Each structure stands twice: as C-alpha cells, then as structure tokens.
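Enquirer: Sharing a structure, written as structure tokens. Questions coming.
We did not get these values from a lab; they are worked out from the coordinates using the rules stated. Quantities reported herein were computed from a predicted structural model and do not represent experimental measurements. With ideal geometry, Cβ positions are generated from the backbone for all residues, glycine too; neighbour counts draw on all protein chains shown.
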Amino acid sequence: RDTYIEKQFGRLNDMQRQAVFTTDGPLLILAGAGSGKTTVLVNRIANLIRFGSAHGSSWTPREVTEDDVKALKTAIMTGTDAPAWLDGMLRQNAVRSWNVMAITFTNKAAGELKERLRNMLGGEEGDEVFASTFHSACVRILRRWAESIGYPRSFTIYDTDDSQRVMKAVYKELSIDDKFFPIKSAINQMSRWKDQLVSPEEALRTPARDTKGAIAAKVYAAYEKKLREAGAFDFDDLIYQTVQLLAEHEDVREFYQNKYRYLLVDEYQDTSVAQFRLVSLLTGPEKNICVVGDDDQSIYRFRGATIENILNFERIFPGTKTIRLEQNYRSTSNILNAANCVIQHNTERKGKTLWTRNDEGDKVQVYTAENEQDEAMHIADVIGEHLKEGGHLADHAVLYRMNAQSAPIESYFTRAGIPHKIVGGQRFNDRKEVKDIHSYMSIVANARDDVRLRRIINEPARKIGNTTVDVITDLAAQQGISMLEVISHADAYAKLSRAMMPLLKFWQIYEKLQESLETRTLDEFAQDVIEVTGYKAMLEADAAKGHEDAADRLQNLGQLVNNVKNYCDQHGEEASLEGYLEDIALISDIDSYNESADQVVLMTIHSAKGLEFPYVFLIGMEEGVFPSEMSKYSEADLEEERRLAYVGITRAKRELYISNSVSRMLYGRTQRNEPSRFLREIEPEYIEETRSPALERRSSMGWGSGYSDTVPGGASGYSGAFGWGRNSSRFGGRTGGSYLNREYNASERGGFASGYAG
Ligand code: ATP
Ligand code: MG
C-alpha cells in the first residue's frame, strides 16, 4: 500500500512528500516562491481523499488472487490507477471530498485549485471539494444563516461605489463636511476596523486620537445601521459578519466544524486578523488545519494582513508541525538569485534561501529607457522577437507597481497591433448601464435595498426628482419601512401627491419585473429588465440622436444578457437571481483574466501573486515609482515594497526583463527618476544591462550627459561588449541605422507593422 501511494506522488521531493503525508493535526508550510506550496496543497487534498488520513476506520482484508498481485505490480511500476479492489481497500479510511475546504485569495486561484483537483481525482470527487475564496466561502455561510443575525437571506452585496453612496448619505444626515474628512478616508478607516474585528460600538467607546477619529467612529455606526436596514453587506462585512456569526452561535460553528473536517489555506501570509479568526473558528477540535504561505510574499499589510498571523499560528495551534520547502522549481537560477539578492535586504524576515536545480538560463535583462514610450517599444520588440522564434503571446506578462503605468504600454500595444489584455482596467460590471440593470435586478431580489433603488429610480428619467426621493426617504425612515413600500402606496401620502403618477408607474414596472422573475427564465428576466424599465428605448433614442456611445452601451447590455445565460448554463437547476448577483459581486479584477486567449497579459504585481509566466517584464523600476514615493519614508513600508519586488521577480520562469526609464510621464507629470534601489541590490553577475539607443544618441551628441551617470559604466560601457552587437542580432537583425530612426519610422518595428500603419 505504502509503495503504491508513494508512487502516486512520485514527482514530489522529500519535504513536499512529508507535507502531503502529514494528514492530521495543525500543519504550517512556510516556503519561498515557486517551491511548490500550492502544488503540495493540491496533492495533500488528493492524498486525503484517495488514501485517507492516518486515523480512519480500518479495512477488512479480502482474499487476494494472483491476478490482483500482478495488477498491483503493474500499477506500482507504471504509476497508473490502482486495481479496483486495492482502490476500494485504500479508500476505507479515506476522507470524503465534501469534508474538505480549501481557501485561497482570488477566484482564479480557486478555479485553478478545482481544475487541478478534478484532474487528480476525476470530475465528481474533484468538484465536491469546497475550494473557494474567503469571500465566497463567507457568502455561502451567510446565505444559510443570515436570518439568525438579522439579515434577509436574499441580502445584497455592496461594492465600493454603493458604499460611497451610503457614506454620502450618512455625511449628509450628520452634516459632516467631506472636505474636512474625505469620505474615502472614512471608508478606509472603517475597512481597517472591520479587518481588525473592531465593532462600531467598540470604535465609539475607544477614545479617539483626534476629531477625525471621532467622526470616523460616528459614521461607522451610522453606516452599519444603514446597511442593516438595506439588508446589505459590503465586502469587508462578508468576513466580519461571518466571524460574528460563528463566534456567537455555537450551533452554527459546530455545524461547520463537523462539515469541514479538513481545512487548507493558501497564501496564508496575506490573511487579515478577521480572516485568521475565521479560519480558527472553522477549525474543529481535531485541528486538521493546514496553512501554506511565504512571509517574504506578504504584500497586503496596508489592508490589514499581518505577518503575526504566521508567527501566531504555532501559538494558537499547539503541536503544529512546521515544514519548510527550499527547492524552487519555477525559475532559472539567474532569476532566482536575483530574487534572493533583493529580499536579503529586508531585516524583518524569518530568513531562508531558495535554491534550484534548474538551468542558469539567460541573465536578467535590464533595460534603461529614455521614457515610457521607449520602454513600451522595447517590450514590443522583445515579444516580436519571441514570436518569430515560435513563442506565444500568452507566455508574456507585463507587471507593474500601479495601474496607471499600464496606459502607455496599452496604447503602444494597441497601435502596434499586439493582442493584449489588461487585468484590472475598468471592469465590464462597472460600466454605468451594466450597473444600472444590475441595480434593477438587485431590488427585485431584495426590496429593502434603498441604495440601489435610489440609483435607478429616475434612470431612465421618469420625473421622479431628488426632492421626491428625499420625501420618500423621510417617510420610510419615520415608519421604519423600505422606500419601495412607500412607493407602493404613493397615493396614500399627501406629500407625494405631485409625483404620484410617476411613482405608481414605477411601482407597476417593479411588479412586472417580479412577475417576470417568477414566470420566465433568468436570462429572459434580464432581457425584460432592459425593456420594461425603458432602458433600451432610452439608449435607442440616444443612438438615433447620434450619441456615439449609445450603440456601445446597447451592445454591453446584450453582453449582459449573454452573461446571465452563461451563468444559467453553468449552474443548471441551481441558478438563481441571488446566485447570479453574488457571482458578479465576487468577481475581482484578476478573475476576468482568461488564460486560453493568446494575448499578452498586463497586470499589477499584486494581481500576479501565485501566478507564473515564462517571460516577465517588470517595468518602471525607478525610485519614486517602485519603491513608491510614499513608502520611502518608512522602513516598514519599504520592506513591503521590497517583498512586492520579490513577488514580481519570482513570477518569471524562463526570462526576466526589468526596465527603468530616465524620464516618465505619470499622472500627467513628467518625472526624472533614478533607477530603483531594488535594481542596484541585484548582484551584477546575474544581470545584463542595455540602454536605449535614443539615450546613447543623446549623450554622444552632448545632450543629457546627466543620464549616463544613472547606470554604472554609462555610455562607454554600452557601446562596448554588450552594445549594438547584441541588440541588432536580438531584435531581428536591424542595423543601427534603423534603430536610430525608430521614432520616425515605426513601421519598421518587427512583426507589428500592420496595425500601426493607420
Ligand atoms: P508561489 O509562492 O508563487 O505561490 P508556490 O510555492 O505555490 O509558488 P507552485 O506554484 O506550487 O509554487 O509551483 C511552482 C512551479 O513548480 C509549478 O510550475 C509547479 O508545477 C512546479 N513544481 C512544484 N513542485 C514540483 C516538483 N516536485 N517537481 C517538478 N515541478 C514542481
Ligand atoms: Mg502558490
């Protein structure tokens, strides 16, 4: 039996295997990037389900025939599936797949987990494992128990835009000036409190440091009250309220502890206080909790994640077994060494050095650009070269510190006709028309949702003005009912007499939609929402008047209906309006990234956590950009930036390209930046430096001599050993002449001329 099991996990190294076979009790896997943490997590689940935990009911032996033995031998030799009888025997003490819960940070990571489990365990069992993000796990729990904490089952999930609308209303009610204490700051403070599990009462009770602190506590309480009335949770609430629910209701807690007897958490270093508490509440008396993480990749400190969670783990779960993995399987040794060089400069770390058996690979390519345009061109050149050699676009990722940095890359790629995809640009679901239709759908699901109601009550315009809305708000507050209920009896209120007709019409629309939801399929219902509300007619009228974007917006609504249809196809019988709205609320930036399309992917380093790509471009490696200007004044912030750099570098498998630019336009300002300290921290033996030909030309003509100081060796170093020679062979055999002409003759840029011509 043991040999057979070993064989199933033959690819794993000794330490990884130990982690996989430690089935019971608290387990902490602490390991560097690309060392196989996620791989171990998946294999560990497969082992639990295939071969069971150490404790389990024993099996009854049956008579074994010679054929059985033969089949077993073959299975061991080839590492294939066990003969049916052995499989059955081994499974006697197997853990049931529905007893396992795996939590990670993004839907994409959760989707990947599911995919890999399906591959290892087969469709049915693979699907039964509950692999999910923190937020979806909480939504699932809340859907079942919301009523026990005073929320409707069909609660709404508010996004940042909704939150801001609520906060605006709170500010108005309490007569607080946004200029004195910006709404955004209040929301941030509130979010931090929820991450730290501080209730509104506690926030009010704790003496505030200053007036702003006192205001924050006051608005927090008022905001929570409004959300409760609306039957809505914001994103932080999903975790916060689930923790409250589990902490206060023993029966609920026991229910989940019994249901999920094995708990696994990936990217553990980024859990907040609230998430950590959630995990400990879900962990049953058997303490079968396994967390995997890397303290060097903790990049959400600003969001309340604390490294202390790693340090606390062993304290909260006595008897924890800790396993460290040190072999990196992802990157070439040059890339890995570069990463090690950088992270070594942090003092606040447990300290570990990764090694690899992988090839040395090419040196890390460092390119100094003249400006952000030049940086974009350079990346396009390299990608073009790879394509000529038979590479794929999707093997390339451009990573940056801030979303704003994607703009020049995107516009250059668009002009040059390079297919690409930005993760985290404006999301489909954030478009106005899409949000409006979703708001209609939300209020049909949850009639208490006044925030979404306000959003669409006069959209399209139907003569329900702000004054009327204010009157409705007051009436609703006085009677403790929802705005919609007031509207349904609009004729009973003298104060509403002037707006009575439009309000009753609105109520009719609402009733029609309710009926549509009951009698038609969900995608037909979505179509009805678009039509019955007059939204479609409004856009069609706009299009006829020549409003350019009206056609686009109509198309987006068509897409919305398609999305609903896809959702229905995916969920079959279980499809519901609440379920659809929930999916939308939980989709985050990273999730819209679709690997199957052959496109270069552009995203922030934060979004790239846990992912890997053969070729990575890490751009904007400059002081003031990365590390950011703000972080330069605090050692702790700087260390967080450095961890982020480490995450970026370690995404690369085969080749890493780092670039910095002597001048950069960002947020409408041109800055001159020194190369990042993180660049200088990499030992020269692992890198190969190139400077933009445009810079060379300038310095040889006597301009901008200041530039050459920024890179050791400056101009002279460039023209020598690794100057034109390397460049011209690398970038499609162009002569120096054509390179010099690049600003004037962009069509020479290899491979992408077609899109550019116009
Ligand atoms: P990160 O810290 O970035 O999340 P990780 O520690 O989770 O990384 P994985 O993503 O699990 O690492 O693995 C990195 C790469 O190494 C993957 O491509 C994986 O398939 C490969 N890998 C992991 N373990 C082994 C092994 N024993 N043999 C060969 N390849 C392996
Ligand atoms: Mg991982």
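Enquirer: Which one, TYR171, GLY150, LEU577, is farthest towards the positive end of the dipole of the chain when Lys and Arg carry +1 and Asp and Glu -1 on their Cβ?
Expert: Checked the options; the winner is TYR171.
Enquirer: Starting from the Kirkwood radius over alpha-carbon pairs of the range 372-452, derive D by Stokes-Einstein at 4 °C in a medium of 1.567 mPa s and give it in µm² s⁻¹.
Expert: 83
Enquirer: Do any chymotrypsin sites (Phe, Trp or Tyr not before Pro) in the range 136-212 lie in a loop, going by DSSP, with at most 15 other beta-carbon atoms within 10 Å of their beta carbon, and if so which?
Expert: On the way: sites: TRP145, PHE155, TYR158, TYR171, PHE180, TRP193; in loops: PHE155, PHE180.
Here the chymotrypsin sites (Phe, Trp or Tyr not before Pro) that fit, given the DSSP loop and packing criteria, are PHE180.
Enquirer: Among DSSP beta bridges whose residues both lie in the chain, state the antiparallel percentage, nearest 5.
Expert: Among the beta bridges of the chain, antiparallel pairing accounts for roughly 10 percent.
Enquirer: Against the 2.2 N^0.38 Å scaling, with N counting residues, where does the range 307-376 land? I'd like the Cα-based Rg ratio to two decimal places.
Expert: Ratio of Cα Rg to 2.2 N^0.38 Å: 1.61.
Enquirer: To make sure I understand the rule: partners must be lysines, Cα under 19 Å from the Cα of LYS653, and not fewer than 8 residues away in the same chain. Which ones qualify?
Expert: LYS37, LYS363, LYS609
Enquirer: Further question: Can you tell me the mean projection area, over all orientations, of the convex hull of the range 352-511's alpha carbons? Units nm², please.
Expert: Here the figure is 17.9 nm², rounded to one decimal.
Enquirer: Where a ≥ b ≥ c are the square roots of the eigenvalues of the C-alpha gyration tensor, would you call the range 442-584 rounded, which needs a/c under 1.5, or, failing that, prolate if a/b is larger than b/c, or oblate?
Expert: It comes out oblate by the Cα gyration axes.
Enquirer: Can you pull the percent of Cα pairs in the range 341-412 with separation above 17 Å?
Expert: For the range 341-412, the share of Cα pairs beyond 17 Å comes to 63 percent.
Enquirer: Now for a separate question. What's the local net charge at ASP251, with K and R +1, D and E -1, over the other residues with C-beta under 14 Å away?
Expert: Every neighbour counted, the sum reads -1.
Enquirer: Restricting to lysine pairs 8 or more places apart or on different chains, what number in the range 188-275 have Cα atoms under 30 Å apart? Display every interim value, and only then the final one.
Expert: Working: LYS194/LYS212; LYS194/LYS218; LYS194/LYS225; LYS194/LYS226; LYS194/LYS259; LYS212/LYS225; LYS212/LYS226; LYS218/LYS226.
Counting lysine pairs in the range 188-275 gives 8.
Enquirer: I've got another one for you. Please label the shape of the range 181-308 as rounded, prolate or oblate, based on the square roots a ≥ b ≥ c of the eigenvalues of the alpha-carbon gyration tensor (a/c under 1.5 means rounded; beyond that, a/b larger than b/c means prolate, else oblate).
Expert: Cα axes put the range 181-308 in the oblate bin.
Enquirer: Still on this structure, I have one more. Relative to the Cα centre, what is the charge dipole magnitude of the chain, using +1 at the beta carbon of each Lys and Arg, -1 at the beta carbon of each Asp and Glu, and rounding to the nearest 20 debye?
Expert: It comes to approximately 800 debye.
Enquirer: Regarding the chain, what are the three Cα extents along the principal axes, ordered largest first, in Å?
Expert: Extents along the principal axes: 87, 84, 54 Å.
Enquirer: Hey, another quick one. Report the local net charge at VAL139: Lys and Arg +1, Asp and Glu -1, summed over other residues whose C-beta lies under 14 Å from its C-beta.
Expert: -3
Enquirer: State whether the range 157-226 is rounded, prolate or oblate according to the following rule on the C-alpha gyration tensor (a ≥ b ≥ c being the square roots of its eigenvalues): a/c under 1.5 gives rounded; otherwise a/b larger than b/c gives prolate, and the remaining case gives oblate.
Expert: Oblate, since a/c reaches 1.5 and b/c is not below a/b.
Enquirer: With +1 on each Lys and Arg Cβ and -1 on each Asp and Glu Cβ, how big is the dipole of the range 174-264 about its Cα centre, in debye rounded to the nearest 20? Please report the intermediate quantities before stating the final value.
Expert: On the way: 14 positive and 15 negative charges, 53 e Å.
Dipole about the Cα centre, nearest 20: 260 debye.
Enquirer: Write down, largest first, the equivalent ellipsoid semi-axes of the range 106-172 in whole Å, where each equals the square root of 5 times an eigenvalue of the alpha-carbon gyration tensor.
Expert: Ellipsoid semi-axes (Å, largest first): 34, 16, 6.
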